[in-house]
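Enquirer: My questions all concern the structure below.
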Amino acid sequence: MLKRLFDVAASSAGLILLSPLLLVVTLVVKFSSPGPILYRASRIGRFGVPFTLYKYRSMVVNADQQGPGITASGDRRITAIGRVLRRTKLDELPQLINVLRGDMSIVGPRPEDPRYVALYTPEQQAVLTVRPGITSLASVRY
């Protein structure tokens, strides 16, 4: 309960305080390449419930149909602005909306693609007992 309260307060404050930056990034993504501003991806959350994860679009439209599901550095599908957004982690700011909605937490295991979760062993499924996070505990510690 206390963690959720922190998540709501932190994501609300983040969205309010970062709103000028969010506006600038939104406009840059919109006018730098054709396509939607936000990338929406299906991810698996707490208790195995699917949700829609939001990120600023950093790749060309239909990139998932033009190459592998995993992106490596130097991938030609990443837009010029997308490279900057990824390097600075600004592409992940819309996930504050996911935190506010209760789909995610500020700190937790990264949300996973349903294709990979379907292959989890019973031991690996234990990670689904907590909300996925924007950042992980390992990232916070190290």
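The values are calculated or read from the model by the stated rules, or taken from the named source; none is laboratory data. Source: prediction; values computed, not measured. Ideal geometry is used to build each Cβ from the backbone, glycine not excepted, and the neighbour counts take in all protein chains shown. Only protein heavy atoms, including side chains, enter the accessible area calculation; ligands, DNA and RNA are left aside. Shrake-Rupley method; radii C 1.70, N 1.55, O 1.52, S 1.80 Å.
Enquirer: Based on what the data block shows, is MET104 of a type in the set (A, V, I, L, M) and modelled with pLDDT under 95?
Expert: Here the answer is no, as MET104 does not meet what is asked.
Enquirer: Also: Assess whether ARG76 counts as being farther than 28 Å from MET1 by Cβ and of a type outside the set (Asp, Glu).
Expert: Against the criterion (farther than 28 Å from MET1 by Cβ and of a type outside the set (Asp, Glu)), ARG76 qualifies.
Enquirer: Within region 58-66, is there a residue that is surrounded by fewer than 19 Cβ atoms within 10 Å (Cβ to Cβ) and closer than 17 Å to ARG131 by Cα?
Expert: No, the conditions are met nowhere in region 58-66.
Enquirer: Please enumerate the residues belonging to region 42-79 that are touching a Leu at 6+ places or on another chain (Cβ under 9 Å) and at positive phi.
Expert: Within region 42-79, PHE47, GLY48 qualify.
Enquirer: Next question. Take the residues of region 3-36 that are among the basic types (Lys, Arg) and open to solvent by 70 Å² or more (accessible area, probe 1.4 Å): which is farthest from LEU100 (Cα to Cα)?
Expert: In this case the residue turns out to be LYS30.
Enquirer: So TYR39 clears everything in (1) more than 15 Å from ARG131 (Cα to Cα); (2) hydroxyl-bearing (Ser, Thr, Tyr); (3) open to solvent by less than 60 Å² (accessible area, probe 1.4 Å); (4) touching a Leu at 6+ places or on another chain (Cβ under 9 Å) except one condition, right? Which one?
Expert: (3)
Enquirer: Take the residues of region 42-64 that are aliphatic (A, V, I, L, M) and at pLDDT 95 or above: which is farthest from the chain's Cα centre (by Cα)?
Expert: VAL49
Enquirer: Limited to region 79-131, what total is found for residues that are over 17 Å from LEU23 (Cα atoms), open to solvent by less than 70 Å² (accessible area, probe 1.4 Å) and not hydrophobic (A, V, I, L, M, F, W, C)?
Expert: 14
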